[in-house]
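Accompanying notes for the structure given below.
Throughout, read-outs are computed from the coordinates displayed, never taken from laboratory work. Every value quoted in this text rests on a predicted model; they were computed, and no experiment measured them. Note that we place each Cβ from the backbone using ideal geometry, even for glycine, and neighbour counts take in every protein chain shown.
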Amino acid sequence: MTLILTDEEQALADSVRRFVAERSPLTSLRQLISSGEPFDAGVWKQMTAQLGLAGLAIPEEYGGAGAGLSALSVALVELGAGLVASPLLGSAVLAAGTLLRLDDEDAKRELLPGIAAGELMATLALAGGRSKAVLVGDGSEPALSGTVSPVLNGTEADVLLVPADSGSGTVLYLVRAEAPGLTRTRLAAADHSRSLARIRLNATPARALAGDAAAALSAAADLANLALASESAGAMRACLDMTSGYAKIRVAFGQPIGAFQAVKHRLADMQKNWELGYAAVRDAARAGDEEPGRFSVAASVARVLLAEAYFDAVVDTVQLHGGIGFTWEHDAHLYYKNGLSNKVLFGTPGEQLDRLADSLGI
Amino acid sequence: MTEDFRARARAWLEANAPRRAAGDDDGESGAATTLAEQKAFQAKLYDAGFAGITWPTEYGGQGLTNAEQIDWSREARDYDLPNGAFFIGLSMPGNTILEVGSEAQKKRYLPAMLRGEEIWCQLFSEPGAGSDVASLQTSAVRDGDGWVLNGQKVWTSGAQYSDFGAVLARTDPAKPKHEGISMFIVDMHAPGVTVRPLKVATGHSPFNEVFFDNVRIPADGLIGEENKGWAAAVVMLRHERIAIGTMSAPRTSPLGYESLRSLAAGLGRTDDQAVRRRLAELYARSRGVQLFGLLLREEAMAGRLPGARGSVAKLAGSDLGRFAANVALDVLGDQLAGSDAEELQTVATLIVAAPGSAIAGGTSEIQRNIIGERVLGLAKDPGVDRSTPFNQLRVGTQRSDVPASSGEPR
């Protein structure tokens, strides 16, 4: 197992980076803010049909490329750097990852090829365990009631995987977008690059999915940790480049501000924190493919390190730019909001540490 | 081929070196062994073909690659090699002589170091020159074809048993501070060399002060060129950071995650959510530092040398030590303030020692300057002293009630 990128992974990183620069620069995120669209459908089509990003970690037998989690992580680093808004995390990472760990062959055959192609959008209605749906009605015609929020891409998803209390433990259910009694409300998301919704179920017909829901949800939490850590590593790198670049050209008191230790030392700490977080992301991504027994802890480590490091970095990015960094026209606030959101989505820092402590058996 | 090497290394270590016991992390490898035993072990290491793994064979090395060096480090981390007295000499003066020394110096000194015959120390820091080591005041004045050395060095590890030292001294005080320094080989047994132990905050004396009183340095004692000693110093400091930054951390340390976790369990503290979270965070941060070290080594194997990123490893290691000390504080509570349990006293001593790692081998502030300037490419510190002749500079510690004494040793 190596941490450094293979030639193939480097080529993938380069092509995604080029794609982001050409097709989804930060100006396109600003267009989404104006239009209110959750993501750019043209960009999503290219990401999936042309680059095959949605199928990277889905096995070939279900229509994916079977390239594994390390390749997926490499792509997420580059997408994160450009704050690319897309259903990739909700659909291709979390929903697909959950399905793959269930035993419901019919559901896998029905849904995964569409998810891998980017033609079907799925999501996992997992929200920190605070809001849970419950099973109503009898076992022959299951239906769900309750509220789950915030759900990633909840408004756009064609199908939702909803964990619910069945009376004898948690079961995962499949709910279709057109099902009666389903209300989806788009939320005001702190981070412009995420589309979040509140899902309300009122005796909504659902299909129980076969398999160990608890194990699948635990796997999904690990995937969320790896994915958010990967995106954060990319975004943090972008903040570091942007801020050190500015510190080289902005002059005050007759010097580029990067010459002053008050500025230089904060950037040095940012670089140090990034190096440790990135190494942890590489370790988690590789463990996911090669040492599954280590994956949960490794993904937690990466997430814990980057949730804090990236948020510290966005705060410093605004601060070190000074006044210009606090304006709407500057990109610093786009990262600030992403850093804020990445810190709390799928587990606050305290919950992340609790999960890691549990996995370590403390 | 490296698989063979690794298997050979493992077999040799198992047969010849003691396994590392929990708690052996006070930075004094093989502290309990005598100097004679250390020399004998280094000689045995040399005979077995594991000394100077990457050094050329003509200077006593094995002529192998970084891959074998990394294999060796990985295998050796589980053992307590009783040759700590040679660590500084081999990694710092040794590597520097290999890079900038004369052919005669390489032939004379390198094989003797590898065979365990001669121990070396590094003499850079002075009471008035720490982070700003280029403001050093020890002087070497021309006398015939050699030099006469006067001044004081401090924080010198191993000076009490060293045979030679690599010393920085000022050879031209009329030049700007970086341009009037030379590096010499000084015979630590020469007349005029006095070594005194330096007691630190923990009560131990891991370092020394070294005084030079008219010590003669022969003509062939100059490393590199006269007045080009700063360039040689930069080479040595780079080797120092790499040696410290990529040192394989021992698996167990009383301030490490495993030890603190079992201490916490023993004290019934792991039911406290705050303590559980602190321990989990310590685990995460330790892994981050460990994985970054691994990444640097992989990059080195792939031909990308760490360069100034060695400073990232050094800074991260010191930060981790500080964090671990804080976690220990949370875990042990007021038992740290006073205890008759030896285990807790060891932890308390290490907490007292923790600030040292953010100072030794270049302070964290200097590491941040290096990262900012050489990794991120930020503008250099606006120093006022780069072009001023040294003898017109204010250096060291100065009080307003005492007139400045430019360039004179205190």
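Tabulated data
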| item | result |
| --- | --- |
| B:E342 versus B:T397: modelled label distance in nm, points set 7 Å from Cα along the beta carbon direction | 3.7 |
| Surface/4 of the Cα convex hull for segment A:214-360, nm² | 9.1 |
| Helix B:35-47 vs. chain B, principal-axis angle (Cα, 0 to 90°, nearest 10) | 90 |
| Candidates A:R200, A:R184, A:R109, ranked by Gaussian network fluctuation over chain A, Cα under 10 Å, top entry | A:R109 |
| Estimated inter-spin distance, A:R294 and B:E117, nm [label 7 Å along Cα→Cβ] | 4.4 |
| Ratio Rg/Rh [Cα only; Rh per Kirkwood] for the protein assembly as shown | 1.03 |
| From phi via Karplus (6.51, -1.76, 1.60), per-residue ³J(HN,Hα) for segment B:209-220 in Hz, x at Gly/Pro | 9, 10, 10, 10, 10, 6, 8, 7, 10, x, 4, 8 |
| Farthest positive-ward along chain A dipole, Cα basis, beta-carbon charges - from A:Y246, A:L135, A:G339 | A:Y246 |
| Inter-probe distance in nm under a simple model that places probes 7 Å from Cα toward Cβ, at B:Y161 and A:A190 | 5.6 |
| A:E22-B:A308 FRET efficiency (beta carbon distance; Förster radius 51 Å; 0.05 resolution) | 0.95 |
| Point-charge dipole on Cβ atoms (K/R +1, D/E -1) for chain A, about Cα centre, debye to 20 | 1200 |
| Selected from A:G323, A:G277, A:G64 as most flexible by GNM, with chain A as the system and alpha-carbon contacts under 10 Å | A:G323 |
| Chain B - percent relative contact order, Cα under 8 Å, separation 6 or more | 15 |
| Dipole moment magnitude, nearest 20 debye, the protein assembly as shown about Cα centre, only Lys, Arg, Asp, Glu C-beta charged | 1560 |
| Shielding by partners, peptide A:204-211 (average Cβ within 10 angstrom, other chains) | 0 |
| Cβ-based charge dipole, chain B, positive-most Cα from B:G192, B:P176, B:V141 | B:P176 |
| Residue with peak Gaussian network fluctuation, chain A [Cα springs, cutoff 10 Å], from A:N225, A:N273, A:N202 | A:N202 |
| Gain on full stretching of the segment that runs from A:I324 to A:T348 - 0.36 nm per residue minus C-alpha separation | 5.7 nm |
| Prolate/oblate/rounded call for segment B:2-117, Cα gyration tensor, a/c under 1.5 rounded | oblate |
| Summed side-chain charge close to A:A210 - residues other than A:A210 whose Cβ falls under 15 Å, Lys, Arg +1, Asp, Glu -1 | -2 |
| Spatial separation of Cα centroids for segment A:248-313 and segment B:138-154, in angstrom | 46 |
| Percentage relative contact order, segment A:122-212, counting C-alpha pairs under 8 Å, at least six apart | 34 |
| Segment B:110-115 - phi-based ³J(HN,Hα) in whole Hz, Karplus 6.51/-1.76/1.60, Gly and Pro as x | 5, x, 5, 5, 5, 7 |
| Computed over chain A: relative contact order in percent, which uses C-alpha pairs under 8 Å that are six or more apart | 16 |
| At R0 = 51 Å, FRET efficiency that the Cβ-Cβ distance of A:L340 and B:A7 yields, to 0.05 | 0.50 |
| Residue order, fewest to most surrounding Cβ atoms within 10 angstrom, among A:V159, B:V312 | A:V159, B:V312 |
| Test item: A:258-271 mean partner chain Cβ contacts at 10 Å | 6 |
| Computed magnitude of the charge dipole of segment A:7-117 (debye, nearest 20; Cβ of K, R +1, Cβ of D, E -1) | 480 |
| Segment B:290-318 versus segment B:181-227: alpha-carbon centroid distance in Å | 31 |
| Three-way shape call for segment A:7-117 based on the alpha-carbon gyration tensor, with the a/c threshold at 1.5 | oblate |
| Helical mean residue ellipticity (222 nm; -39500 (n - 2.57) per DSSP H run of 4+; nearest 500) of the protein assembly as shown | -14500 deg cm²/dmol |
| In degrees, nearest ten, helix A:349-360 long axis to first principal axis of chain A (Cα) | 70 |
| Phi-based couplings in Hz for segment B:261-268 (Karplus 6.51, -1.76, 1.60; Gly and Pro marked x) | 5, 6, 4, 4, 5, x, 8, x |
| Estimated FRET transfer efficiency (B:A15, B:S73; beta-carbon r; R0 22 Å; 0.05) | 0.75 |
| Residues of segment A:140-170 with amide N under 14 Å of the 7 Å Cα→Cβ point at A:R176 | A:158-160 |
